[in-house]
Amino acid sequence: MTLTPTRELMQAAAERRIGVGAFNVIHLETAEALVAGAERAGLPVVLQISENCVKYHGGLEPLALATMAVARKARVPVAVHLDHAKDEELARQAVDLGFGSVMFDGAHLDYSENTAVTSRIARYAHVRGVYVEAELGKVGGKDGAHTPGVRTDPGEATSFVEETGVDALAVAVGSSHAMTDRTATLDLALIRQLHEALAVPLVLHGSSGVPDDEILGAIRAGMTKINISTHLNGIFTRAIRGYLDENPKVVDSRKYVGVARNALIPETGRLLTLFNSLD
């Protein structure tokens, strides 16, 4: 296989009414584990790099190039996506680096400004063949920057998609970012309304806090892209903590990071298989 355009994965999943997993890359070992899990399941995956992750690494290019190199060697289709970019220039940089898609998060802006900036990014990306995701209606979490309980209005969403020309829309339907327990309840009726109203695929952010049955319900109702980060980060971290507890004298970081990398593989494959199980 080779690096796959996000558009191909999204269109195939939307047509089959299944979910495509989009999992966040934190460092190289995460990318390796996510691809290994996708290969184990024999299913495609979207690797996401967030703006927060870019800030942690001090820039986009090094991690982006490494992630795309891992994707190119994969035995299954792998797309690379920029997640939650609030910086317009960062979105352009990801397009120029060869990402398959970018997500501009203008949910903190008022409607008119969100529309204007998202439209500029969409025009820039589409000329270069890059898929664009946007957000309307704040998803909960993020240290209070978003208000839990906010819901995306189907009429406003329809206007936003038409005005901006985006290819996919992240919607607020009851999930919340950075949840460490899987207890969120989704507004499945709203997902159905949004799916019927919009001609573009829907994206569920904050899926780490959503139980399996709720995710399956969301996919049945019309959700396509399922974003997960915190849940997988927890598995990675617990594996490191357990190894260090059992091996307090270890100093070679490859030993405990390698254990954590391996711990991510089965859950990655399980989630991808789950999202694909409605076909």
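The values are calculated or read from the model by the stated rules, or taken from the named source; none is laboratory data. Only a predicted model underlies this, so the values are computations on that prediction, with no experimental measurement involved. Positions of Cβ are backbone-derived with ideal geometry, glycine not excepted, and every protein chain shown enters the neighbour counts.
Here are some notes:
- Meets criteria (of a type outside the set (S, T, N, Q), farther than 17 Å from residue 229 by Cα and modelled with pLDDT of 95 or more) for residue 82: no
- Which numbered condition residue 26 fails, given (1) over 14 Å from the mean Cα position of the chain (by Cα); (2) surrounded by fewer than 24 Cβ atoms within 10 Å (Cβ to Cβ); (3) hydrophobic (A, V, I, L, M, F, W, C): (1)
- In summary, residue 39 fulfils each of the numbered conditions (1) touching a Ser or Thr at 6+ places or on another chain (Cβ under 7 Å); (2) within 22 Å of residue 8 (Cβ to Cβ) with the single exception of condition (1).
- Considering (1) modelled with pLDDT of 90 or more; (2) not in a helix (DSSP H, G or I), the lone condition that residue 265 does not fulfil carries the number (2).
- Odd one out for residue 187, checked against (1) at pLDDT below 95; (2) closer than 18 Å to residue 272 by Cβ; (3) surrounded by 17 or more Cβ atoms within 10 Å (Cβ to Cβ): (2)
- Scan the stretch 222-242 for residues that are more than 21 Å from residue 84 (Cα to Cα) and touching a strand residue (DSSP E or B) at 6+ places or on another chain (Cβ under 9 Å) and the total you get is 1.
- Test: residue in the stretch 137-158 that is surrounded by fewer than 24 Cβ atoms within 10 Å (Cβ to Cβ), at pLDDT 80 or above and touching a Ser or Thr at 6+ places or on another chain (Cβ under 9 Å): no
- Counting only helices (runs of 4 or more DSSP H) that sit wholly inside the stretch 185-259, those with at least 2 residues that are closer than 26 Å to residue 165 by Cβ and touching a residue at least 24 places away in the same chain (Cβ under 8 Å) are 188-197, 212-221.
- For the stretch 166-181, the candidate set comprises residues that are buried (at least 16 other Cβ atoms within 10 Å of the Cβ) and part of a loop (DSSP other than H, G, I, E, B); within that set, the residue that is modelled with the lowest pLDDT is 179.
- Residue check, residue 161 at pLDDT 95 or above, surrounded by fewer than 21 Cβ atoms within 10 Å (Cβ to Cβ), under 15 Å from residue 197 (Cα atoms) and of a type in the set (A, V, I, L, M, F, W, C): yes
- Filter pass, residue 40 being of a type in the set (Lys, Arg) and surrounded by 16 or more Cβ atoms within 10 Å (Cβ to Cβ): yes
- Qualifying residue in the stretch 12-20 (condition: within 21 Å of residue 85 (Cα to Cα), touching a helix residue (DSSP H, G or I) at 6+ places or on another chain (Cβ under 9 Å) and outside any helix (DSSP H, G or I)): yes
- Neighbours by Cβ (under 8 Å, 6+ apart or cross-chain): first from the stretch 92-105, surrounded by fewer than 24 Cβ atoms within 10 Å (Cβ to Cβ); second basic (Lys, Arg): 95/128; 96/128
- Residue within the stretch 87-103 that is modelled with pLDDT under 95 and under 19 Å from residue 157 (Cβ atoms) present: no
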